[in-house]
Structure formats: C-alpha cells, structure tokens
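Just below is one structure, and these are the notes that go with it.
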Amino acid sequence: MIAIGQMSKDEITVWVVDLLAQMFELDKSTLTRESNLYADLDIDSIDAVDLAVKLTQTTGKRLSPEVFKEIRTIGDVVDALASIG
C-alpha cells in the first residue's frame, strides 16, 4: 500500500500521473495537474469507477462518492487524496 499521508502533494501528483498512465495507456509527458480527466483524457464514468477502486486498493483510503463526483482534474484527485491522507 501507498502511504499517502507521508507524501507531499508533488509526490502524490507523480504517483497519480504514473497510475493514470498505466491504467489508461496515457503519455505521462502530457499529463498535468490541470488535465481534465473527462475532456482531456477521455476517461468515462466506468473508467472513473475503476480509478476510484484502484485508489482505494492502493492507498487503503476511500474517497466518498460526494468527493469523487466533484473531481474533474488530476489536481482534484491529488487534493482529495492529500485531504484524506
């Protein structure tokens, strides 16, 4: 498991970018905190659920459905993870 609580936001960002690149076969060099998961990365609702499950499995922390519904960018994912770390 990843110890999110012991990581800086920059470290979480690198980890999230790596995870997204691996899960959805994306080019890491194009991913930024401002990248929109849906508009820029073509992640659909099923992919979003897969991402939520993967985040829970790898961190041991669960994002509430209310929080996850508000996530739009990679930066939002990082901020949400940092807040529950």
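The values are calculated or read from the model by the stated rules, or taken from the named source; none is laboratory data. Just so it is clear, the model here is predicted, and its values are computed rather than measured. Here Cβ is always computed from backbone atoms with ideal geometry, including for glycine, and neighbour counts include all displayed protein chains.
Residues in segment 7-23 that are more than 11 Å from the chain's Cα centre (by Cα) and under 13 Å from Asp76 (Cβ atoms): Lys9 alone. Just to be sure I understand, how many residues within segment 31-61 are within 15 Å of Ile4 (Cα to Cα), loosely packed, with under 14 Cβ neighbours inside 10 Å and not small (Gly, Ala, Ser)? So the answer is 3. Within segment 5-18, the residues that satisfy the criterion of being touching a helix residue (DSSP H, G or I) at 6+ places or on another chain (Cβ under 8 Å) and buried (at least 17 other Cβ atoms within 10 Å of the Cβ) are Met7, Ile12, Thr13, Val16, Val17. Selection within segment 35-51: residues that are of a type in the set (Gly, Ala, Ser) and more than 12 Å from the chain's Cα centre (by Cα). The member of this set that is farthest from Lys9 (Cα to Cα) is Ser45. Within segment 36-47, the set of residues being in contact with a Lys or Arg (Cβ under 9 Å, 6 or more places away or on another chain) and without any contact (Cβ under 8 Å) to a residue 40 or more places away in the chain comprises Asn36, Tyr38, Ala39. As a summary of the residue check, Gly5 satisfies the conditions (1) out of contact with any Lys or Arg (no Cβ under 8 Å at 6 or more places or on another chain); (2) assigned to a helix (DSSP H, G or I); (3) modelled with pLDDT of 95 or more; (4) of a type in the set (Gly, Ala, Ser) except for the one numbered (3).
For the subset of segment 24-34 comprising residues that are farther than 17 Å from Arg72 by Cα and part of a helix (DSSP H, G or I), which member is nearest to the chain's Cα centre (by Cα)? Within segment 24-34, the match that is nearest to the chain's Cα centre (by Cα) is Lys28. Pairing residues of segment 54-80 that are assigned to a helix (DSSP H, G or I) and at pLDDT 95 or above with residues that are of a type in the set (Gly, Ala, Ser) and surrounded by 13 or more Cβ atoms within 10 Å (Cβ to Cβ), at Cβ distances under 7 Å and at least 6 apart in sequence or on separate chains, gives Ile74/Ser35.
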